[in-house]
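Here the structure comes first, spelled out in structure tokens, and everything after it is commentary.
The values are calculated or read from the model by the stated rules, or taken from the named source; none is laboratory data. These figures come from a predicted structure and were not determined experimentally. Quick reminder, even Gly has a Cβ in these numbers, built from the backbone with ideal geometry, and neighbours come from all protein chains shown.
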């Protein structure tokens, strides 16, 4: 099964098209850490965020079918085996919750970065009210995102612990006709779902770690191996 164009048809071109047309959408991603949290694994993900039990339950609830068109759930192709969900060596019996044909690639933006095409994403964001949910280092993204974005700062580790402060800020940002970019590990999946259901006009995008190389943090193997091409500054 191709990861370039996953079953729900959502890909990089679709994301850029929606941004340029200013159509509201959400893009959220479920990778290994999310399933570890859902299954109650003890420990932390690759970025040092703890698998809190209540976060795992919230992640499972947020995974269930979206309330309207325009909500896209990204998965790693490696989590599919023989027509069933897999994670951490265990089958995820959730076919009744989310049909296998309703997912897209969790690595859309990361693959764009590896192809040297992330500049098109930054260009599509130009002129839109922006909010970035992420740690303090992401303030350095201003040369690519512009100087006026609203920075909702979260800790570098265990940002689930500040959810009572952060979620209301995200909900406020999501009311604008702009874009909310979330780079806050596993909680991003929960917060995107809740903001989507709360309404508003903003699109909500889980960017994962794709901004890390721009702020001098090579957090992933492919980044350390030089398989990521930085886009030129726009501002």
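Some points to look at:
- Segment 169-178, residues that are out of contact with any helix residue (DSSP H, G or I) (no Cβ under 6 Å at 6 or more places or on another chain) and either buried (at least 24 other Cβ atoms within 10 Å of the Cβ) or under 21 Å from residue 139 (Cβ atoms) (or both): 169, 172, 173, 176, 178
- Every pair of residues 6+ apart whose Cβ atoms lie under 8 Å, when the first sits in segment 138-149 and is at positive phi and part of a helix (DSSP H, G or I) while the second is crowded, with 16+ Cβ neighbours inside 10 Å and modelled with pLDDT under 95: none
- The listed residue being out of contact with any helix residue (DSSP H, G or I) (no Cβ under 7 Å at 6 or more places or on another chain) and assigned to a loop (DSSP other than H, G, I, E, B), out of 209, 231, 188: 209
- Flag not set for residue 225, criterion: over 12 Å from residue 133 (Cα atoms) and modelled with pLDDT of 95 or more.
- Among the candidates 164, 169, residue that is part of a helix (DSSP H, G or I), modelled with pLDDT of 95 or more and touching a strand residue (DSSP E or B) at 6+ places or on another chain (Cβ under 9 Å): 169
- Subset of segment 128-149 that is closer than 20 Å to residue 190 by Cβ and in contact with a strand residue (DSSP E or B) (Cβ under 6 Å, 6 or more places away or on another chain) - its residue that is surrounded by the most Cβ atoms within 10 Å (Cβ to Cβ): 133
- Residue match in segment 158-166 (condition: touching a residue at least 24 places away in the same chain (Cβ under 8 Å), surrounded by fewer than 21 Cβ atoms within 10 Å (Cβ to Cβ) and within 25 Å of residue 120 (Cα to Cα)): no
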